[in-house]
Amino acid sequence: MVARRPLIAGNWKMFGRLAGLGELAALWDLTRQAGAALDMLLCPPAAYVNAAAVAARGTQLLIGAQDCSAVSEDSARTGEISAAMLADVGAAYVIVGHSERRSLHGESDALVRKKAEAALAAGLTPIICVGETLTQRQAGRVEEVVAAQVRESVPAAGIVVAYEPVWAIGGDRTPSVEEIAAAHALIRDTLAASFGEAGRAARILYGGSVGPKNAAEIFTAAGVDGALVGRASLKAADFAAIVLAHPAVR
Ligand code: PEP
């Protein structure tokens, strides 16, 4: 079995300005020793993807986007950004199906799947987000909900899945290491059932309130190939601390 290369990804959401891209140079200064051991990715708002890709030149920092259109063809769709356009300006990855898009924009598994297909067609690696709400967890439905999201949202192997319990995002609560490991095993088994060994080989990230203080513990959870980080990706020092907490680097 080929070892999966860890991936630490940052999602800036709708934060940041052009001037803030200076954080990329600071981040690379702090993390260059990690470049041999793992992938580091930052996903700024779409408006800054091109500038971020330029700022990251000469480093191993990868740049991605936070969403893309489900439609691949150039067409009359005001406000939409195609995966091919994101690739054209330097993105290598794109997050799809983040819980904020699912809840605030009503994105369904079927739409997320189309976005992931469009990303793959454009040569981008989609990071497909799944995760249960607190109500679903309290009702004992984690396995049912997460497995269904994986089955319905993931179109093929060659993707990354981010397990992001909705209740753990943007707060200060995380699942236990055992709960994280169980969810990752479930996701891996579900991918394997759909796509065989190629599915089993997918990288699976944990996301939801990862920060410098808890990253090392989260990385001990079985099957966790890295993290998708929100707030703590905005400051180079915080994101670097998470990267450097990974056992592949330490
Ligand atoms: C996220 O929104 O993907 C996320 C994980 O956010 P935070 O790290 O801030 O909880």
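Counting residues that are in contact with a strand residue (DSSP E or B) (Cβ under 9 Å, 6 or more places away or on another chain), which helices (runs of 4 or more DSSP H) fully inside the stretch 153-250 reach at least 3? Spell out how you get there, then give the answer.
Details: elements: 177-200, 215-218, 236-244.
Counting at least 3 such residues, we get 177-200, 236-244.
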Any helices (runs of 4 or more DSSP H) falling wholly within the stretch 46-106 and containing at least 3 residues that are under 16 Å from the mean Cα position of the chain (by Cα) and over 16 Å from Ala121 (Cβ atoms): 99-104
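For the stretch 208-227, how many residues are within 14 Å of the ligand (Cβ to nearest atom) and touching a His at 6+ places or on another chain (Cβ under 9 Å)?
Our first condition is that a residue be within 14 Å of the ligand (Cβ to nearest atom); within the stretch 208-227, this holds for 208-215, 218, 224, 226-227.
Filter again for touching a His at 6+ places or on another chain (Cβ under 9 Å), leaving 215, 224, 226-227.
So the answer is 4.
Can you find a residue in the stretch 37-46 that is surrounded by fewer than 16 Cβ atoms within 10 Å (Cβ to Cβ) and closer than 26 Å to Pro212 by Cβ? Outline the logic, then answer.
So in the stretch 37-46, the residues surrounded by fewer than 16 Cβ atoms within 10 Å (Cβ to Cβ) come out as 37.
If we keep only those that are closer than 26 Å to Pro212 by Cβ too, we end up with 37.
Within the stretch 37-46 (the criterion being surrounded by fewer than 16 Cβ atoms within 10 Å (Cβ to Cβ) and closer than 26 Å to Pro212 by Cβ), the answer is yes, since at least one residue qualifies.
Which one of Ala241, Ala222, Ala215 is out of contact with any Ser or Thr (no Cβ under 8 Å at 6 or more places or on another chain) and surrounded by fewer than 18 Cβ atoms within 10 Å (Cβ to Cβ)?
On the way: Ala241 fails: surrounded by fewer than 18 Cβ atoms within 10 Å (Cβ to Cβ); Ala215 fails: surrounded by fewer than 18 Cβ atoms within 10 Å (Cβ to Cβ).
Exactly one residue qualifies, and that residue is Ala222.
Mind checking which residues of the stretch 149-178 are away from the ligand (no atom under 16 Å from the Cβ) and either touching a residue at least 60 places away in the same chain (Cβ under 8 Å) or over 22 Å from Ala118 (Cβ atoms) (or both)?
Across the stretch 149-178, the qualifying residues are Ser176, Val177, Glu178.
Can you tell me which residue in the stretch 2-36 is surrounded by the fewest Cβ atoms within 10 Å (Cβ to Cβ), limited to those that are aliphatic (A, V, I, L, M) and closer than 23 Å to Ile128 by Cα? Let's see the steps before the verdict.
Taking the stretch 2-36 and keeping what is aliphatic (A, V, I, L, M), we get 2-3, 7-9, 14, 18-19, 21, 24-27, 30, 34, 36.
Next, only the ones that are closer than 23 Å to Ile128 by Cα stay: 2-3, 7-9, 14.
On the way: Val2: 5, Ala3: 7, Leu7: 23, Ile8: 30, Ala9: 25, Met14: 9.
Filtering the stretch 2-36 for residues that are aliphatic (A, V, I, L, M) and closer than 23 Å to Ile128 by Cα, the one surrounded by the fewest Cβ atoms within 10 Å (Cβ to Cβ) comes out as Val2.
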Residue that is farthest from Ala34 (Cα to Cα) [pool: residues in the stretch 178-228 that are of a type in the set (D, E, K, R) and within 15 Å of the chain's Cα centre (by Cα)]: Arg203
Residues of the stretch 220-250 satisfying the condition of being of a type in the set (Phe, Trp, Tyr) and under 19 Å from Ile128 (Cβ atoms): none
Residue match in the stretch 1-14 (condition: more than 16 Å from the ligand (Cβ to nearest atom) and aromatic (Phe, Trp, Tyr)): no
Test: residue in the stretch 139-156 that is out of contact with any helix residue (DSSP H, G or I) (no Cβ under 6 Å at 6 or more places or on another chain), of a type in the set (Ser, Thr, Tyr) and more than 21 Å from Ala215 (Cα to Cα): no
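Since every read-out is calculated from the coordinates, none of them should be taken as a lab result. In this text, all values refer to a predicted model and were calculated from it rather than measured experimentally. All Cβ positions, glycine included, derive from the backbone under ideal geometry; neighbour counts span all protein chains shown.
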